[in-house]
1. Could you list which residues have their amide H under 5 Å from that of residue 163, counting only those 5 or more apart in sequence or on another chain, with H placed in the peptide plane?
2. Show the residues, 5+ positions off or on another chain, whose built amide H is closer than 5 Å to the amide H of residue 270.
3. How much length is gained if the chain between residue 300 and residue 21 is pulled fully straight, taking 0.36 nm per residue apart and subtracting their Cα-Cα distance, in nm to one decimal?
4. On full extension of the chain, what length is gained from residue 268 through residue 213, given 0.36 nm per residue of separation minus the C-alpha to C-alpha distance?
5. Can you give me the Cα centroid spacing of the range 38-71 and the range 130-183 in angstrom?
6. If the reach is capped at under 23 angstrom between alpha carbons, list the lysines near residue 121, excluding any in the same chain fewer than eight residues apart.
7. Could you check how much of the accessible area of the range 4-112 is carbon and sulfur, as a whole percent, using a 1.4 Å probe?
8. Can you list the trypsin sites (Lys or Arg not before Pro) in the range 1-104 that are in a DSSP coil and have 13 or fewer other beta carbons within 10 angstrom?
Amino acid sequence: MPIGKAHAALPQVRIFIPANEGGGWDQTGRALGSALVDSGAAAQVVYENLGGKGGTPGLARYVEAYGSAADTLLMGGMVMTGAIALHKPPVTLARVAPVARLTSDYCVLVVRADSPITTPKALVAQLRSQPEKTPIAGGSAGGVDHMFAGMLARVAGRTADLVYRPFPGGAQVVEAVVGGQAVAGIAGYSEFAEGIGSGRLRAIGVSSKRPFLGMPSFKEQGVDVDLANWRGVFTGKDVPAERRQALLQAVRQAVNSEAWQKAVKRNNWDPFWQEGSAFQGFVELDSSMADVLIYLLKLKKG
């Protein structure tokens, strides 16, 4: 956890969230905004949402409207690197500057509570024998959920036959699984928590290397796949270095606040701080890995 002294509050910070309200990026962005105000790092925070295609339309809008705005942060993460690799949009993360990585997260795979599928091995077996009758719901095409579904299809030996149904948010994934449009769903735990708690959904595995939140990993259940998601914030490439530093200091102050710590605990996020050249290098590596995964897993735009 970064430690640093408090700085004078920024008058206003805009957090641009390239996703619909209620999803993982929206939850993280609004929690960060609350922490910015609670910690005294910002006097006021405003939010702007624009969803679709793993954040790529939002990224383009952000660059166009706020590329030189010294008071605006962009939410992003692995979903966006995957969507960029899949869709090949004209505006990429090369047009923004990394500020800080905030969290790691893992994919949780759920089925309807009355589903005959009770283990990852059972899901893989059905993907192998009846891929066309085993649709999997998740977030945007090319994102981390899609990648993880592709990994499971690869274990089943049916990479090219994966039926993946992308949705703009976790709520729609839940309804797709409960309503029978999908055999299984993939998202972060916070997006499934209510459905699991109410008994509508059953979690059968998590994409971490080890058990997470009491859920067994796929690896320990005999399916050799794991994948870590991440979320962070960026600023415009044209923002002067001293203003980027001011935003970094504000975010650093926010994540040390009680409000942020409560949000991390409430949403069961795995805090992971990274800044500077280390975060820049990580984003570049993750973008390269996304290109490789999209190719190897034969992921389609859907």
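1. Hits under the 5 Å cutoff: 136.
2. 104
3. On the way: separation 279, 0.36 × 279 = 100.44 nm, distance 2.52 nm.
Full extension from residue 300 to residue 21 adds 97.9 nm.
4. Working: separation 55, 0.36 × 55 = 19.80 nm, distance 0.78 nm.
That works out to 19.0 nm of additional length.
5. 29 Å
6. Excluding near neighbours in sequence, the set is 133, 209, 219, 298.
7. On the way: 1830 of 3700 Å².
After summing per-atom areas, the C and S share lands at 49 percent.
8. Values: sites: 5, 14, 30, 53, 61, 95, 101; in loops: 5.
Sparse-neighbourhood loop trypsin sites (Lys or Arg not before Pro): 5.
The values are calculated or read from the model by the stated rules, or taken from the named source; none is laboratory data. Keep in mind that this is a model prediction, so the values were computed, not measured. Counting neighbours? That spans all protein chains shown, and the Cβs are built from the backbone with ideal geometry, glycine included. Ligands, DNA and RNA are stripped out before the accessible areas are found, and what is left, the full protein with its side chains, is counted by its heavy atoms. Shrake-Rupley method; radii C 1.70, N 1.55, O 1.52, S 1.80 Å.
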